[in-house]
Amino acid sequence: SYCSQKMMKDNNLVRHLDACETMGNATAICSDKTGTLTMNRMTVVQAYVGDTHYRQIPDPEAILPKILDLIVHGVAINSAYTSKILPPEKEGGLPRQVGNKTECALLGFVLDLKQDYQAVRNEVPEEKLYKVYTFNSVRKSMSTVLRNGGGGFRMYSKGASEIILRKCTKILDKNGEPRLFKVKDRDEMVKKVIEPMACHGLRTICLAFRDFPADAEPDWDSENEILSDLTCIAVVGIEDPVRPEVPDAILKCQRAGITVRMVTGDNINTARAIATKCGILLPGEDFLCLEGKEFNRLIRNEKGEVEQEQLDKIWPKLRVLARSSPTDKHTLVKGIIDSTVGDQRQVVAVTGDGTNDGPALKKADVGFAMGIAGTDVAKEASDIILTDDNFTSIVKAVMWGRNVYDSISKFLQFQLTVNVVAVIVAFTGACITQDSPLKAVQMLWVNLIMDTFASLALATEPPTEALLLRKPYGRNKPLISRTMMKNILGHAVYQLTIIFTLLFAGEKFFDIDSGRNAPLHSPPTEHYTIVFNTFVMMQLFNEINARKIHGERNVFEAIYRNPIFCTVVLGTFTAQIIIVEFGGKPFSCSGLTLSQWFWCIFIGVGELLWGQLICTVPTSHLKFLKEAGHGITKEEIPEEELPEDVDEIDHAEMELRRGQILWFRGLNRIQTQIKVVNAFRSSLYEGLEKPESRSSIHNFMTHPEFILEEDEPRTPFLDGAEDEPEPDGLQKRGGG
């Protein structure tokens, strides 16, 4: 919870708290390109107009007026009227792009040609538009139809160049006259114009138009017929620069053992160029770049069903999926999550901004929605919202996720050491001396340090870049590692040795009266006060040791970056002085001399030195130490608790099964008991009460509204541990 508030400053709005920790173990990130890896500030930098390829924005005088007029009208009218170029907010800044960024790039192109798109829009307001075919992920184009003065129609189209050019039968030549555009011409244009543009990381957009005669109105619903026989006006290359900080962020991910994949709707050459600039594709590496069609061909069988076995051959090497649909993204995410390739199940994070990305965001272990470009549906389906739409914020989420995991481990290491020592001292001391060396109120104070303050101090450590230098832990990694177990037992041995030495020989060392044989209601003794004070001092210095859980030697590293930790340690020390010197009978304490205080602090500092000694012992030599707190693997689930239709269930959902089955088994028993009670009631009071008045869980379950969604795991009811599970699950039982 604390981390999720801090993540807000790093542009991560956390919607589901568990997503923080899950993100720390992410092994794969499927990221969009536009706006996440790139700046989402698009500008036209190249153009092909009138048989000429301009490597930079052409001079308006170099283009024939009639072609220029078609470009201006084609861009101004055939785009959302909400897309605009506004003056810069600050003097000397870049003009502001409002609305769809691709359309803004085209409008910017019109302005660069010294033309005014707003005048055209004022002349042709939205009400005059006869028919609009809006852009979608399937169509990958947009068309707008206008009625001419003579009764005919003109349609302007724009879209992905390879899709629009396939529907063009003519192209405007250098004189502005349409000439035939054959398949051979198209292939040559792709080779000489579109591919070179795409190889520079440019998105290519084709502008086209078509005139319909006035004699007969076409059938606007038959889209394939309408969107054919087009005349190409121009092809433009739009640049969306890579965010300067992204290559470094991707390098950090790769060092941290996280594979970054780009999933985009762009042309494969554009996608490959951007992926190379980002560092997703590295020269000389054996990685795959696939288009959506090719991807589907490789992973689907004759019936069109996805085969996991085929997908497992592709996804480990796949780095770029171009010309992909939201369905392809969902298929890829589901395939990676369900895959059994490798020792650990993959933990997948996905970015999405559109409504169609909802299923992929839901399916992913952690779904990131775009705060600026994202739709409400995408945000609802996500776990974390990136308020700046930037990939580097995902890396920050990984750092915080790993930090959460480490913070919990630090706290556990400290808490278990205190627990082990306190319990053994209290129990053994009470058995031998007939009185616990640590009194009830003292134990409460120790618990306050141990639970509340320590959790505040250790869980508020800020994340460091060092967290990204190790691989993900994996889903079944024990919470208490062998290194932590070594630290817990090592420090417990030191503390127990000191406490028992002080308890049974402390009075001789300090030359004071023994507190062991003191009468029941006698005043607090210096002896037992020294034992209590030394115990607290050792915990205080061990709290500094607990800052490191991977065997690091420098426990003071960046301690000043965490003011809460420093405040807690100093505050606890001050409170301990007050309790010992002024606590009196309520705390069973007697005031100590300065030399006794120095001895207590010196023994506490010994914890730091002892910690260094523990670090020198290699964990690999301590084979007898066990790990604790690891997750349940599939093999550990008893066979009778595994569902029959195991093939139809995601591996991610398998982990939820055990708790669900126990819950439904209990619910099922209650149902059976209610049925028995109802049977007795109906036989005894038949006719005395209306059947409608009887209510039971059974009736509730059979209510038509109580049905499971298709994508939910169907969990069988079990009448007993020996019974076979019913594959029809809840609905079958409810219906019976």
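Below, the figures for the structure above:
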read-out: Mean-position separation - Cα centroids, region 142-158 and region 469-544, in angstrom; value: 85 Å
read-out: Per residue, in Å², the accessible surface of region 43-239 once ligands and nucleic acids are set aside, probe 1.4 Å; value: 50 Å²
read-out: Residue-normalised accessible area of region 402-625, given per residue in Å² at a 1.4 Å probe; value: 46 Å²
read-out: Accessible-area order (highest first, 1.4 angstrom probe) of the listed residues V14, V98, V183; value: V183, V98, V14
read-out: Within the accessible area of the chain (1.4 Å probe), percent carbon and sulfur; value: 57 percent
read-out: Prolate/oblate/rounded call for region 419-465, Cα gyration tensor, a/c under 1.5 rounded; value: prolate
read-out: At 1.002 mPa s and 20 °C, Stokes diffusion of region 242-399 via Kirkwood alpha-carbon radius, µm² per second; value: 134 µm²/s
read-out: Within region 478-568, GluC sites (Glu not before Pro) in DSSP loop having at most 16 other beta-carbon neighbours inside 10 Å; value: E552, E557
read-out: Mean separation of Cα contacts under 8 Å (6+ apart) over length of the chain, as relative contact order %; value: 12 percent
read-out: For region 43-239, fraction of C-alpha pairs farther apart than 24 Å, in %; value: 37 percent
read-out: Region 381-428 pair-distance distribution - Cα-Cα, 5 Å bins, rounded %; value: 5, 17, 15, 13, 11, 9, 8, 7, 6, 5, 3, 1
read-out: Spatial extent of region 208-295: Rg and Dmax, with the Cα atoms as the point set, Å; value: 20.6, 66
read-out: Computed [θ] at 222 nm, deg cm²/dmol, the chain (DSSP H ≥ 4; -39,500 (n - 2.57); rounded to nearest 500); value: -14000 deg cm²/dmol
read-out: For R297, solvent-accessible area (1.4 Å; no DNA, RNA or ligand), Å²; value: 150 Å²
read-out: Relative contact order [Cα under 8 Å, 6+ residues apart], region 43-239, whole percent; value: 26 percent
read-out: Where N is the number of residues in region 173-216, Cα Rg divided by 2.2 N^0.38 Å; value: 1.54
read-out: Between region 189-266 and region 46-66, the Cα center-to-center distance that results, in Å; value: 19 Å
read-out: Isotropic mean projected area of the C-alpha convex hull, region 402-625 (nm²); value: 12.9 nm²
read-out: Probe 1.4 Å - accessible area at R482, Å² to nearest ten; value: 70 Å²
read-out: Helical segments meeting 24 Å axial Cα length and Kyte-Doolittle -1.0 threshold in the chain (DSSP H); value: 391-433, 482-510, 526-545, 563-582, 594-616, 651-684
read-out: Extension gain from K9 to I670, taking 0.36 nm per residue of separation minus the Cα-Cα distance; value: 233.1 nm
read-out: Hydrodynamic radius of region 85-186 per Kirkwood, over alpha carbon pairs, in Å; value: 16.4 Å
read-out: By accessible area with a 1.4 Å probe, ligands and nucleic acids excluded, highest first: order of M485, M8, M155, M399; value: M8, M485, M399, M155
read-out: Nearest-10 value in Å² for the accessible area of T593, using the 1.4 Å probe; value: 70 Å²
read-out: Accessible surface ranking that places the most exposed of Y130, Y528, Y560 first, with a 1.4 angstrom probe; value: Y560, Y130, Y528
read-out: The chain: translational diffusion in µm²/s, Stokes-Einstein, Kirkwood Rh over Cα pairs, 4 °C, 1.567 mPa s; value: 41 µm²/s
read-out: Euclidean distance between Cα centres, region 381-436 to region 287-329, Å; value: 41 Å
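The values are calculated or read from the model by the stated rules, or taken from the named source; none is laboratory data. Source: prediction; values computed, not measured. All Cβ positions, even for glycine, are placed from backbone atoms using ideal geometry, and neighbour counts span all protein chains on display. These accessible areas exclude ligands, DNA and RNA; they are computed on the full protein's heavy atoms, side chains included. Shrake-Rupley method; radii C 1.70, N 1.55, O 1.52, S 1.80 Å.
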